[in-house]
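Below is one structure, written out as structure tokens; the observations come after it.
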Amino acid sequence: MTVLKALKKMFGKSEAEPLAPVPSAPVPTSGSRNDGQQPGRTAPVAQPKTPTVTPPEQAKLETQAAPAPKPRRERAPKPPVIPWKLEDFVVEPQEGKTRFHDFKLAPELMHAIQDLGFPYCTPIQAQVLGFTLAGKDAIGRAQTGTGKTAAFLISIITQLLQTPPPKERYMGEPRALIIAPTRELVVQIAKDAADLTKYTGLNVMTFVGGMDFDKQLKHLEARHCDILVATPGRLLDFNQRGDVHLDMVEVMVLDEADRMLDMGFIPQVRQIIRQTPPKAERQTLLFSATFTEDVMNLAKQWTTEPSIVEIEALNVASENVEQHIYAVAGADKYKLLYNLVNDNGWERVMVFANRKDEVRRIEERLVRDGVNAAQLSGDVPQHKRIKTLEGFREGKIRVLVATDVAGRGIHIDGISHVINFTLPEVPDDYVHRIGRTGRAGAAGVSISFAGEDDSYQLPSIETLLGRKISCETPPTHLLRAVERKRP
């Protein structure tokens with residue numbers, strides 16, 4: 001049988017049907033084989049399909065050609081980073097003042113202190129650090145704005161830098177624990193801690209109620225916790241779930257212990273402290289605005305031979321605050337407030353009122369009249385409270401209207417004026433209110449409105465202060481009607 005007949009039989013073609021032309025297979029190079037192929041058959045070769053383009057489409061494609069690349073913009077080289085040296089932080093000795101240099105702190109900590117602009121210690125810092133850096137327990141009585149937060153933070157950071165952490169520890173095992181009564185105070189302490197630890201590699205975390213629990217848990221599980229700042233309730237939640245272990249706490253701080261007593265947190269604090277090492281094996285620092293018998297009893301239970309530091313006379317307002325009282329009818333209070341803020345161009349003002357509904361109405365009227373204001377009370381959700389405080393701290397909010405409970409934990413530098421729209425019902429609250437200004441040695445002004453409904457509070461406030469405050473009649477131009485802003 002001829003080859004032609006065999007091919008016809010293989011492909012079923014009759015002699016009348018000519019075979020389709022078969023493309024010739026590529027000729028293999030010398031020594032090559034078509035492994036795995038049947039003899040006489042070539043592997044199919046995929047032929048690329050060329051799209052048919054008509055002349056008009058071709059012209060269109062040519063006009064849509066990619067634009068020429070833009071010339072590359074050369075980036076300016078970054079300036080070289082000059083390493084910081086302790087010699088760069090020069091503070092001359094001054095009689096009657098203590099320098100941070102005198103305590104021989106770690107360079108990383110001194111670098112942060114220089115960034116914050118603290119050349120000299122405040123009185124409580126100078127006294128407290130003398131004891132705590134030697135490893136002693138301490139209890140301190142000081143009002144807000146005296147620098148006590150930096151005092152215990154510097155003690156904590158120094159201790160943690162001097163003692164390296166164990167090689168094996170859980171993520172939820174803090175080495176330092178700070179307990180504070182309010183969310184605002186916790187956030188403020190954590191911010192100060194972040195500023196002081198930014199060159200140290202230490203991690204700061206916060207636990208506060210009213211915030212997303214799972215989000216806080218994720219932060220805890222992501223990295224080791226060196227310094228934990230928390231409110232009692234939320235810390236106890238994490239501890240009882242087994243997410244936080246307190247058996248490695250080296251330093252424990254209780255801030256505003258008197259307020260924790262007032263707010264009923266002491267049973268929770270006791271539960272927390274029982275989870276920490278015995279008091280002989282940890283350093284304990286306790287701070288309070290007052291040294292009541294109850295506070296001293298707590299200090300005795302939780303500290304070991306503590307050094308006692310007292311700054312300022314009990315319940316006396318800061319001498320840096322210039323105090324004024326305006327005798328004004330209740331119906332004229334808002335006009336006086338608006339004109340004081342608007343005419344003088346004050347940029348960071350706190351206004352206090354006794355009730356949440358008063359706070360809301362004052363804030364709403366200020367906003368309606370074109371003043372960038374915000375409110376802070378127990379009715380404001382936690383996430384909004386934090387955002388409001390940050391806006392006030394950054395100067396985006398001019399006037400912050402608050403109740404006593406919400407305002408007492410605020411520690412923001414640069415508040416120029418405090419206005420008591422209504423006089424407080426508790427004299428101690430007057431001291432705490434005006435203590436929001438005149439912080440850390442800065443000058444401040446407080447103005448109180450005494451109307452027919454609250455002027456009876458003045459005698460008890462003056463008794464507490466130990467002096468008289470003269471009442472003034474506000475100038476007529478400050479009582480003019482407020483012009484309504486057009487929508």
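Every number in this text was worked out from the coordinates using simple rules, so none of it is lab data. These figures come from a predicted structure and were not determined experimentally. Ideal geometry is used to build each Cβ from the backbone, glycine not excepted, and the neighbour counts take in all protein chains shown.
Volume per residue for the stretch 274-371 equals 216 cubic angstrom (convex hull of Cα atoms). Note on the stretch 327-376: Rg/Rh from C-alpha atoms, Kirkwood Rh, equals 0.93. In the stretch 96-310, inverting the average of 1/r over every pair of distinct C-alpha atoms gives 17.3 Å as the Kirkwood radius. Other residues within the sphere of radius under 10 Å centred on the Cβ of Arg398, judged by their own Cβ, net out at +1 (K and R +1, D and E -1).
When you restrict to C-alpha pairs under 8 Å that are six or more residues apart and normalise by the size of the stretch 96-310, the relative contact order lands at 28 percent. Overall, the anisotropy analysis places the stretch 350-487 in the oblate class: the square-rooted eigenvalues a ≥ b ≥ c of its C-alpha gyration tensor yield a/c not less than 1.5, with a/b not exceeding b/c.
What the phi angles of the stretch 218-232 give under the Karplus curve with 6.51, -1.76 and 1.60, with θ = phi - 60°, is a coupling list of 4, 4, 5, 7, 7, 7, 5, 9, 8, 10, 10, 10, 8, 7, x Hz, glycine and proline written as x.
Within the stretch 96-184, the ratio Rg/Rh, alpha carbon atoms throughout and Rh by Kirkwood, equals 0.98. The simple spin-label model puts a point 7 Å past each Cα toward its Cβ; for Glu319 and His224 those points are separated by 4.7 nm.
Taking every alpha-carbon pair in the stretch 137-213 and binning the separations at 5 Å intervals from zero gives 3, 11, 24, 25, 19, 12, 5, 1 percent.
Going down the table (Lys335/Lys356; Lys104/Lys198; Lys104/Lys148; Lys148/Lys279; Lys279/Lys384; Lys148/Lys198), which pairs top 27 Å between alpha carbons?
With Cα atoms farther than 27 Å apart: Lys279/Lys384.
Each Cα pair under 8 Å and six or more residues apart adds its sequence gap; the mean of these over the residue count of the stretch 254-344 is a relative contact order of 30 percent.
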